[in-house]
Amino acid sequence: MVEREIVIFIGPEGSGKTTHACLLAEETGKPYVTTGDIIRDLAQKDPGPLGDECREMFASHGYLDGATLLKILVHRFGQDDVASGLVLDGGLRTLEETVDFTSMLAEAGLDLPVAVVHLRIPGWMSFERLAFGEVARKRKDDTIEGVLSRLSKYYHQLGKRAAVIESWSGCKLVHIDATAPVEAVYAEVVGRLQFL
């Protein structure tokens, strides 16, 4: 289904990026890479300037600047386990990062086709799934203020980011309604990826 391909899941907070990226990675055997885990690890373990930037990002409920995130990803994407493709949970969150993403892949020596799966949900559903619904995730930063801050940053320049993604040579951008139950959404993800 995704032989020698990079599949990136993007979407607003609570849209199911992690759930669907993990399912796809498990089904295809592709390495699962999440920018969130990489950044959390640096925030906890790196005492230097990079760790400081990651800690500040969490404190402000924001995103790392694109250049810093891409510097982190170059190292990860240059490792042997992703040479035949990977499933990326998150990323492409700022215009700067999106514009420079293909250059980062080239620097990491990863010359593979890219498919971007955009999971879409309405704003109220982000709050319900993360902050105050019966089965909400309720992570430490899943406060109403935290979710609102991350949503506003996600939607900032989203149209411009989508246009950049669509301009990438050989890239496929797929929009998926992610309001349905997990099984139905994942079935649509798989179906759309198979016929791209």
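Against the definition (of a type in the set (Lys, Arg), touching a residue at least 12 places away in the same chain (Cβ under 8 Å), open to solvent by less than 60 Å² (accessible area, probe 1.4 Å) and in a helix (DSSP H, G or I)), how does Arg40 come out, yes or no? When the stated conditions are applied, Arg40 does not pass them.
So that you can scan it fast, the table gives a plain yes or no per residue for (1) within 16 Å of the chain's Cα centre (by Cα); (2) under 25 Å from Leu148 (Cβ atoms):
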position	(1), (2)
Asp37	yes, yes
Gly48	no, no
Arg55	no, yes
His75	no, no
Ser84	no, no
Val87	yes, no
Thr94	yes, yes
Ser103	no, no
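Residues of segment 75-97 that are closer than 22 Å to Lys30 by Cα, open to solvent by 30 Å² or more (accessible area, probe 1.4 Å) and part of a helix (DSSP H, G or I): His75, Arg76, Asp80, Asp81. How many residues, within segment 1-37, are assigned to a loop (DSSP other than H, G, I, E, B) and over 23 Å from His75 (Cα atoms)? Residues flagged as assigned to a loop (DSSP other than H, G, I, E, B) and over 23 Å from His75 (Cα atoms) within segment 1-37 amount to 7.
The values are calculated or read from the model by the stated rules, or taken from the named source; none is laboratory data. Model, not experiment: these values are computed from the prediction. Cβ sites come from the backbone with ideal geometry, for glycine too, and all protein chains shown count toward neighbours. Each accessible area value is taken on the protein alone, full model and side chains, heavy atoms only, with ligands, DNA and RNA left out. Shrake-Rupley method; radii C 1.70, N 1.55, O 1.52, S 1.80 Å.
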